[in-house]
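Shown next, in C-alpha cells, is the structure this report addresses.
Read-outs: derived from the displayed coordinates by stated rules, not from any lab. Note that the coordinates shown come from a computational prediction; the quantities given were computed from them, not determined experimentally. FYI the Cβ positions are ideal-geometry reconstructions off the backbone, even for glycines, and counts take in every protein chain you see.
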Amino acid sequence: MTPDEIWDSLKQKVLKLSGIGSVEPKDCRLLSILISKETKKNISETTLKRIFGFAASPYTASLYTKNVLAQYCGYADWPGYRAGLADKKVVPEPEKGPWGRMRKETNKVNHFMLTAVRNKAVIPLNEMIHREFIQNHLQAFDQSEAMATVIAAPTGYGKTIAISQWLTRRLQDEGTADLYLYLNSSFLLSTLKTALNLNYWMMKMIGLGPSQEFQKIFFDSLKQQGKFYFIIDGFDELMFQKKQFENLLHLLLDVLSIYRSAGWFKVIILMRNSTWLNWRSQLMISPSAWFIGNMDEHGQNLGLLSLSELSSLIRMGRPFTAAEVMQESFANLRYPLFHLYFYKKYHAIIRFEQFNEVLLYELISDYMIQNIMHGNEALPKMDFIFQLITLMEYRAGIYTVNKEKIKLQRSGQLKTYTTLVQMGFLWEIESTSALYKTVSIQFNHVHILGCCIAVYVLRKDADFSLAKLEYVAKHWSKDSKLKLIILKWCLFQAALAGKKEEWIAAYQQYLEPAELDDLARFIRNLAAASYTSKPGSIDY
C-alpha cells in the first residue's frame, strides 16, 4: 500500500472505532472528545476538520497527530500502525460477486444497528470495558459444532453493549472472511409483517435475489473460509404480543432447520433469562445444535462484573483486597446498572474512593423518581407495586409473588405490569416440574424492594410512628438483610425530611447488637455525606 493509502486506512479505522459512518463537520467535536478520553492527548476539532477535508490546509498531518490517532486505534504509534498494516492478512478481492454484495449489504445494516446502540447508550462505548464472558463464550461456541447459542441474563446486565463491542471488533478485523448480520427483534418483527419465510427475507437483506441459493454461494466460495453469523438481540416475549412472538419464534425455527447441517451458519440470540426458561423447550428441539455454556438454574449465563472487569472499569490500577471484597456493599459495585445510574447522574465513571453505601441509596432514589414517580403512569405503577408488597411470600430465601394471585387481565393492570417488566424493574422467575408450572414475580434488586417497602411505610409522611416500625418487624423480619435495608431507607428518607432522630430513638429495642452497629455505620455515612444538591424525596 502507498503511504496515502495507509493514512486513509487509519482515518477510516478511527471513524469505525468511534461508530461514525459518514463523517460530517459536526462529528469532529465529538471525535476530539473521544480521542482525548481514550488517549489523554488532545487533537483539536479544527485539526480533525482539516484531516477529513472540511477545512483547507496546505500542511499535512503532523507526526504527533498521526501517533495519537494510531494510539486511539490501539497501536503504539504511527510507525507501529504502518508495520502492523504491512503484516495484516488481506482477503483477496472479497468485494466482487455475490460475496461482495453480501458484505456490503450486511455492513449497512450492522452500521445502522450499532449506531443506534451507541446513541442510546448512557455510558459512551469507549469508556466501557469488554466483558470477558462474551469473548470466552463466543470463542467456545465458534470451536464447537453447535449451530446456535444464547446469551441470557436479566435486564441491565449489559448484553446489548457486550455483543455490540464484540461485533465492532470483529468488523474491524480486515483479515476475516466472516459475515455478520446484527438485528434486534423489534426491527426484525417490523420488517417481517408480511413475510412468510425468514430465510427469503434474510437473503433479500444481504443483497441476494430469490433465484440465488444462499448455501450454493458459500459452497462455491470455499476459498473464503468464512462463516455467517446471524445475531438477534432483544429476543424477549414481553416486548411483543404473544402471537407476534410466537410467529417470530416459528420463523426462527424454520431457519435453524434449513441450515442445521451447515457448519458455516451460526446463530447468536440474546434474551432475558426468563424468556429462555419459558421457551427453551421449543427452541432446543435438537439440543445438540445449541451451545449454552455455563448456565445456572435460573437460565442465566452472563453474570455480574468479575473482579478484574470491575477493576478495569473503575481504573483501580491494583487488585482489590480481601477486606474490600468482603464488604457487604461491595457486591453492589458488580452490578452494571449501578454504573449506569452513576454515569447518568455524574457523567463520569465512579472511582473506588468515591463509593459508599449512602451513594447507592442516592442513585436508587434518583432512579425511582425518574422511572416510577414521574409521568402519567406514576399512580398506577405505585398502586401496583404496593399491591405486590402486600402479596409477597418468603420462599427459598427470597420474597416473591405468585403471578396467578394478581389476576392481571381481570384487574386491568396488564399494561402497568408489562411496562415494569420491560424496563427490568420486575423479573419473572419460572419453576417447572412434571406436575405443575409456577411463575413468580420478584423485584430486580433487594435495594429496589427495600426502597419500595419504605415508600409504602412512609407513604403519608416521614414521621416516626410505632405502627410503622412494628409493621417492618412483623412482616419483613424473615430476611434480616432486607429488614435492615428497609430501616436504612426509612432513615434516608427521614433525614431528607429532618425526621431522622425520631427513628433512631425508637428502633433500638427491635434490633440485635450487630444490626445496631450496622445502622450506626450507615448513620455516620449519612451524616458525612455532603448533599450540595440533595436527592429528591420519594413522595407518594
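Determine, for 398, 453, the number of other Cβ atoms within 10 Å of each Cβ, and report the residues in order from fewest to most.
On the way: 398 16, 453 26.
Ascending number of Cβ neighbours within 10 Å: 398, 453.
What does the charge dipole of the chain about its Cα centre add up to, to the nearest 20 debye, if the Cβ of each Lys and Arg holds +1 and the Cβ of each Asp and Glu holds -1?
I would put it at about 980 debye.
Radius of gyration and Dmax for the stretch 296-339's Cα atoms, expressed in Å?
Radius of gyration, then largest Cα-Cα span, for the stretch 296-339: 11.6, 35 Å.
Report the far tail of the P(r) of the stretch 3-87, meaning the percent of Cα-Cα pairs longer than 22 Å. Provide the component values of the computation, followed by the final result.
Working: 600 of 3570 pairs.
Cα-Cα pairs of the stretch 3-87 separated by over 22 Å account for 17 percent.
Can you compute the FRET efficiency between residue 2 and residue 418 using 1/(1 + (r/R0)^6), with r the Cβ-Cβ distance and R0 = 56 Å? Round to the nearest 0.05. Write down the numbers at each step before the final one.
Working: r = 58 Å, r/R0 = 1.03.
FRET efficiency, residue 2 to residue 418: 0.45.
For the residue pair residue 405 and residue 391, what label-to-label distance in nm results when each label sits 7 Å from Cα along the Cα-to-beta-carbon direction?
0.8
Report the calculated FRET efficiency for residue 16 and residue 351 (r = Cβ-Cβ distance, R0 = 30 Å), to the nearest 0.05.
Working: r = 30 Å, r/R0 = 1.01.
The calculated FRET efficiency here is 0.50.
With the crude spin-label approximation of a point 7 Å out along Cα→Cβ, what separation in nm comes out for residue 24 versus residue 249?
With each label point 7 Å from Cα toward Cβ, the separation is 4.2 nm.
Residue 463 to residue 122: FRET efficiency via 1/(1 + (r/R0)^6), r the Cβ-Cβ distance, R0 41 Å, to the nearest 0.05? Can you show the working numbers first?
Details: r = 36 Å, r/R0 = 0.88.
Rounded to the nearest 0.05, the efficiency is 0.70.
Among 46-53, 273-280, how do they line up by average Cβ neighbours within 10 Å per residue, starting with the highest? Let's see the in-between values first.
Values: 46-53: 18.4, 273-280: 21.5.
Ranking, from highest mean packing down: 273-280, 46-53.
Quick check: the angle from helix 378-391's long axis to the longest principal axis of the chain, C-alpha only, nearest 10 degrees?
Around 60 degrees separate the two axes.
Which aspartates and glutamates have a Cα lying under 17 Å from the Cα of residue 403, excluding residues fewer than 8 positions away in the same chain?
Qualifying aspartates and glutamates at Cα under 17 Å: 237, 383, 393, 428, 430.
Can you compute the radius of gyration and Dmax for the chain, using only the Cα atoms, both in Å?
Cα radius of gyration and Dmax of the chain are 26.6, 81 Å respectively.
Specify the inter-centroid distance of the stretch 230-300 and the stretch 382-397, based on alpha-carbon positions, in whole Å.
Cα centroid to Cα centroid, the span is 31 Å.
What angle, in degrees between 0 and 90 and rounded to the nearest 10, separates the Cα long axis of helix 27-39 from the longest principal axis of the Cα atoms of the chain?
It is inclined by approximately 70 degrees.
Would you work out the charge dipole size for the stretch 334-418 about its Cα centre, treating the Cβ of every Lys and Arg as +1 and the Cβ of every Asp and Glu as -1, and quote it to the nearest 20 debye? Before the final figure, lay out the partial values.
On the way: 11 positive and 8 negative charges, 77 e Å.
That gives the stretch 334-418 a dipole magnitude of about 360 debye.
When ranked by the protection proxy of mean other Cβ atoms within 10 Å per residue, highest first, what sequence do the peptides 311-320, 360-369, 468-477 form?
360-369, 468-477, 311-320
Mind giving me the nanometre distance, one decimal, between the label points for residue 398 and residue 524, set 7 Å out from Cα along Cα→Cβ?
3.4
What number, in percent, do you get for the relative contact order of the chain if the mean sequence gap of Cα pairs under 8 Å and at least 6 apart is divided by its residue count?
12
Please order 157, 510 by the number of other Cβ within 10 Å, starting at the fewest.
On the way: 157 24, 510 15.
Going from sparsest to densest Cβ surroundings: 510, 157.
Using just the C-alpha positions of the stretch 371-528 as equal point scatterers, what log10 of I(q)/I(0) does the Debye formula give at each q in 0.09, 0.17, 0.18 1/Å?
The calculated log intensity ratios at q = 0.09, 0.17, 0.18 Å⁻¹ are -0.33, -1.05, -1.14.
I'd like to compare 160-166, 14-20, 388-394: which one has the highest average count of other Cβ atoms within 10 Å, and what's the full order after that? List each step's numbers first, then the result.
Working: 160-166: 21.7, 14-20: 19.6, 388-394: 15.4.
The most tightly packed comes first, giving 160-166, 14-20, 388-394.
By how many degrees, between 0 and 90 and to the nearest 10, does the Cα long axis of helix 97-120 differ from the longest principal axis of the chain?
30
Could you calculate the contour length gain from residue 77 to residue 379, that is, 0.36 nm times the residue separation minus the distance between their Cα atoms, to one decimal place in nm?
Result for the pair: 103.0 nm of gain on full extension.
Going through the cross-link list 381/460; 242/437; 11/344; 478/500, which pairs have a Cα-Cα distance over 22 Å in this structure? Don't skip to the end; give the middle numbers.
On the way: 381/460 17 Å; 242/437 18 Å; 11/344 31 Å; 478/500 25 Å.
Where the Cα-Cα span goes over 22 Å, the pairs concerned are 11/344; 478/500.
Give the order of 463, 4 when sorted by the count of other beta carbons within 10 angstrom, beginning with the fewest. Walk me through the intermediate numbers first.
Values: 463 12, 4 8.
Fewest-to-most Cβ neighbours within 10 Å comes out as 4, 463.
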